[in-house]
Amino acid sequence: MNDLAPAIFPPKGIGDAKPSNKAVLDWVHEIATLTQPENIFWCDGSEREREFLIAESLRQNVLIELNGKKFPRSYLHRSSPNDVARVEQFTFVCTPTKEEAGPTNNWAEPGETYAKLRELLSGAMRGRTMFVIPYMMGPADSPLTKVGFEITDSKYVVLSLRIMTRMGEIALKRLGNDPSAEWNRGVHSLLDVNPDRRFICHFPQDNTIISVGSGYGGNVLLSKKCLALRIGSYLARKQNWMAEHILILGVESPEGRKHYVAAAFPSACGKTNFAMLIPPAHFKGWKVTTVGDDIGWMRIRDGRLYAGNPENGYFGVVPGTSYKSNPNAMRSIAHDTIYTNVALTDDGDVWWEGKDGPPPAHAIDWRGDDWTPQSKEKAAHPNSRFTTPTRNNPALDPDVEKGEGVPISAIIFGGRRSDTVPLVYQAFDWNHGVYSGATMASETTAAATGAVGRVRRDPMAMLPFCGYNIGDYFQHWLDIGKQLTNPPLIFNVNWFRKGADGKFLWPGFGENMRVLKWIIDRCEGSGGALKSPIGWLPSPHDLDLAELDIDHNAVDELLGLDHEEWQKEIAAHKEFFDSLGGVVPEELQKQREQLAAGFEL
Ligand code: OXD
Ligand code: MN
């Protein structure tokens, strides 16, 4: 990775798409005065600009070109080995008071933090090019769509953002010239990519993000976790909508009846796979389409929740992606894709653990070292990523560009749990569903630095992404529910339950269609279920398990409730709520007491 290379001087007609909004110009001037770049490159998102930046990135070793016959217009990027995941411990929410950030966020005082960041940014772009990227989150005609600007000194960020967002002229047009228009200010500098100088700071009250010292996507594509979730959730509460870490998919029956479902799973728990699911042969005529794989913005319309995907690309986890686990992702990443931290084979192909077929006899691993199947190290980093446009997805939903969004019939929460949580259950009502989301937990993954496999509570999969007090966030969910006359039904799933032998009980991937089908049946009022203390549970015959090679005992185990495990679970819920220091709404405390009472009978 050599994204710190000297300034690039574009030929005439490239890098000169200066916006006309005075507020933007003043801000860019302020940041340029501080960072002192060699030159300013005003991005317009054009094809000519892309070609120029790709050529420069290849020349400066920011990108390596893949075999064009196998992967047209696709590239590999290697990040610094100290910079491969989100850094939650260095991520801050800098609201005026600590209370506004709440018990789950790192808080830092805004004035002091601005001062510290100004010092770090002072002269940081000397000798470098400063790119100014206008981008838009959401389709052009959606009332929820937001405009953001990211200033960066990284070409990798520019090239990735043009995949992940609607970038360039389209955003400038949406913003217009009103100097008081709402837009997000994002500043990113690689500095010297030093973990000691790595901070991802959010100032929700100023609609501002400053990220320094990292080149990893989740820390530096400011459109994504920073704007669409952390700042987004803050704005959503103020403006009465929802910004969630949620995938959105469409399910269409052979008769042509269509439902949309949103599912919130923590990072690296299979959101992209679920959003691109291909039903198994038994479900002939059923179709699943993708609206979004990571982030959903939802608003109330006619008493229902409507959701849209603010993004324009997928930034997905590569290892484990194969024609078996996710054929639509494999097709999506076969062209026009930037890979980060996968292995490179001798013929310009890419390789990762879990890819179809045998491993190559020799490759260059994600760090740039020689690798063979005998090597102890992994060829690809466990959090290696693809960045690919949504238009590459063969199962893209036809209504993704619809400004009003798609109506949501069901919301699913789910985590990675080896025990306790059954394959699927339905909450009794909205508030009970909010409780199940607020107390959900998952075993940690490589998407963030830190220990992997530790069970942690991750409310609505938003623990690292909620930009304000989690207690107020819970209340916001409850308040939204009060405004819905036709609320989505709420479900919980767990694809990751293990048997006594430590093996997964459920085959997962395409077979998750069987669970999805039960969810759709419940939405249509036709699926059977038994009442249990945690919610409505399917009995084995309520799930369509035809043509599935699965042991009856495994199904019983998957759908079973172990009272002792649940007593421990409810005690963990209490511990979690207590750890939040009194911010949990009364209604959720009541839900917990009711749940506990169900297990005392
Ligand atoms: C992601 C994440 O990259 O959640 O989507 O970490
Ligand atoms: Mn995510």
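The values are calculated or read from the model by the stated rules, or taken from the named source; none is laboratory data. Everything numeric here is computed off the predicted structure, so don't read it as measured data. Glycine also receives a Cβ, built like all others from the backbone with ideal geometry; neighbour counts cover every protein chain displayed. The protein model used for the area step is the full one, side chains on, heavy atoms only, and it has no ligands, DNA or RNA in it. Shrake-Rupley method; radii C 1.70, N 1.55, O 1.52, S 1.80 Å.
Details
- Unique match (being among the β-branched types (Val, Ile, Thr), in contact with a Lys or Arg (Cβ under 8 Å, 6 or more places away or on another chain) and within 16 Å of ligand 1 (Cβ to nearest atom)) among 87, 93: 87
- Identity of the residue in segment 216-243, more than 26 Å from residue 152 (Cα to Cα) and in contact with a helix residue (DSSP H, G or I) (Cβ under 7 Å, 6 or more places away or on another chain), that ends up farthest from ligand 1 (Cβ to nearest atom): 237
- Complete set of residues in segment 18-57 that are more than 28 Å from residue 120 (Cα to Cα) and in contact with a strand residue (DSSP E or B) (Cβ under 6 Å, 6 or more places away or on another chain): 45
- Some residue of segment 569-580 being at pLDDT 95 or above, closer than 30 Å to residue 469 by Cβ, of a type in the set (Lys, Arg) and open to solvent by 90 Å² or more (accessible area, probe 1.4 Å): no
- If you go through segment 310-356 and keep only what is open to solvent by 10 Å² or more (accessible area, probe 1.4 Å), assigned to a loop (DSSP other than H, G, I, E, B) and either within 27 Å of residue 61 (Cβ to Cβ) or within 16 Å of ligand 2 (Cβ to nearest atom) (or both), you end up with 312, 319, 320, 334, 335, 336, 346, 347, 348, 349, 353, 355.
- Condition met for residue 55 (at pLDDT below 95 and within 21 Å of residue 337 (Cα to Cα)): no
- Some residue of segment 151-162 being under 13 Å from residue 24 (Cα atoms) and either in contact (Cβ under 8 Å) with a residue 12 or more places away in the chain or crowded, with 18+ Cβ neighbours inside 10 Å (or both): yes
Table: residues versus (1) touching a Pro at 6+ places or on another chain (Cβ under 7 Å); (2) at pLDDT below 95; (3) aliphatic (A, V, I, L, M).
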position: 109; (1), (2), (3): no, no, no
position: 156; (1), (2), (3): no, no, no
position: 172; (1), (2), (3): yes, no, yes
position: 193; (1), (2), (3): no, no, yes
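- Number of residues in segment 440-467 that are within 11 Å of ligand 1 (Cβ to nearest atom) and at pLDDT 95 or above equals 6.
- Within segment 253-270, restricting attention to residues that are within 16 Å of the chain's Cα centre (by Cα) and not hydrophobic (A, V, I, L, M, F, W, C), the residue that is farthest from ligand 2 (Cβ to nearest atom) is 270.
- Test set (1) free of Cβ contacts under 8 Å to residues at least 24 places away in the same chain; (2) within 23 Å of the chain's Cα centre (by Cα) - residue 465 fails condition number: (1)
- Residues in segment 414-472 that are under 24 Å from residue 224 (Cα atoms), polar (S, T, N, Q) and open to solvent by less than 30 Å² (accessible area, probe 1.4 Å) were compared, and the one that is farthest from ligand 2 (Cβ to nearest atom) is 469.
- From the list 383, 392, the lone residue that is within 16 Å of ligand 1 (Cβ to nearest atom), over 14 Å from residue 66 (Cβ atoms) and open to solvent by less than 60 Å² (accessible area, probe 1.4 Å) is 383.
- Cβ-Cβ under 7 Å pairs, at least 6 apart or on other chains, segment 123-149 side under 13 Å from residue 401 (Cβ atoms), far side among the aromatic types (Phe, Trp, Tyr) and part of a strand (DSSP E or B): 138/297
- Residue in segment 203-252 that is nearest to residue 473 (Cα to Cα), counting only those that are more than 16 Å from ligand 2 (Cβ to nearest atom) and in contact with a Gly (Cβ under 6 Å, 6 or more places away or on another chain): 234
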